[in-house]
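The values are calculated or read from the model by the stated rules, or taken from the named source; none is laboratory data. Nothing here was measured: the structure is a model prediction, and the numbers come from that model. Using ideal geometry, Cβ is built from the backbone for each residue, glycine included, and neighbour counts are taken over all protein chains shown.
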Amino acid sequence: MQQFFVRVQAEPALRQALEEAMTADDVARLAQDLGFEVSGSDILRFSGQSASGVRVTRIDHPGEYPGRYV
């Protein structure tokens, strides 16, 4: 994942695509399309950390998990 973040830091268009991604799986698909073996779960586990100038932050969306907020 470290090498993926190095590439993200170097490519503004890729960084923009990640900022627009809605889910960790969307981010993982972008990484996989570039040949990196990264899963959505890997991305979530990295939440709160940073590498190569890229910080991963999980955003909880209300209603993301039905019944979660009842």
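Can Arg29 be described as surrounded by fewer than 16 Cβ atoms within 10 Å (Cβ to Cβ) and modelled with pLDDT under 85?
Details: surrounded by fewer than 16 Cβ atoms within 10 Å (Cβ to Cβ): yes; modelled with pLDDT under 85: no.
The answer is no for Arg29.
Of the residues that sit in segment 1-22 and are in contact with a helix residue (DSSP H, G or I) (Cβ under 7 Å, 6 or more places away or on another chain) and at pLDDT 85 or above, which one is nearest to Val56 (Cα to Cα)?
The residue in question is Leu18.
List pairs: first residue in segment 1-21 and in contact (Cβ under 8 Å) with a residue 40 or more places away in the chain, second residue assigned to a helix (DSSP H, G or I) and not hydrophobic (A, V, I, L, M, F, W, C) anywhere in the structure, Cβ distance under 8 angstrom, at least six positions apart or on different chains.
Matching pairs, first to second residue: Met1/Asp42; Val8/Arg15; Gln9/Arg15.
Condition first: farther than 14 Å from Ser41 by Cα and polar (S, T, N, Q). Now tell me which residues in segment 1-31 satisfy that.
Listed by number, the residues that qualify are Gln2, Gln3, Gln9, Gln16.
For every residue, the table says whether it meets (1) assigned to a loop (DSSP other than H, G, I, E, B); (2) within 13 Å of Val54 (Cβ to Cβ); (3) small (Gly, Ala, Ser).
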{"site": "Gln3", "(1), (2), (3)": "no, yes, no"}
{"site": "Arg7", "(1), (2), (3)": "no, yes, no"}
{"site": "Arg15", "(1), (2), (3)": "no, yes, no"}
{"site": "Glu19", "(1), (2), (3)": "no, yes, no"}
{"site": "Met22", "(1), (2), (3)": "yes, no, no"}
{"site": "Asp25", "(1), (2), (3)": "no, no, no"}
{"site": "Arg29", "(1), (2), (3)": "no, no, no"}
{"site": "Gln32", "(1), (2), (3)": "no, no, no"}
{"site": "Gly35", "(1), (2), (3)": "yes, no, yes"}
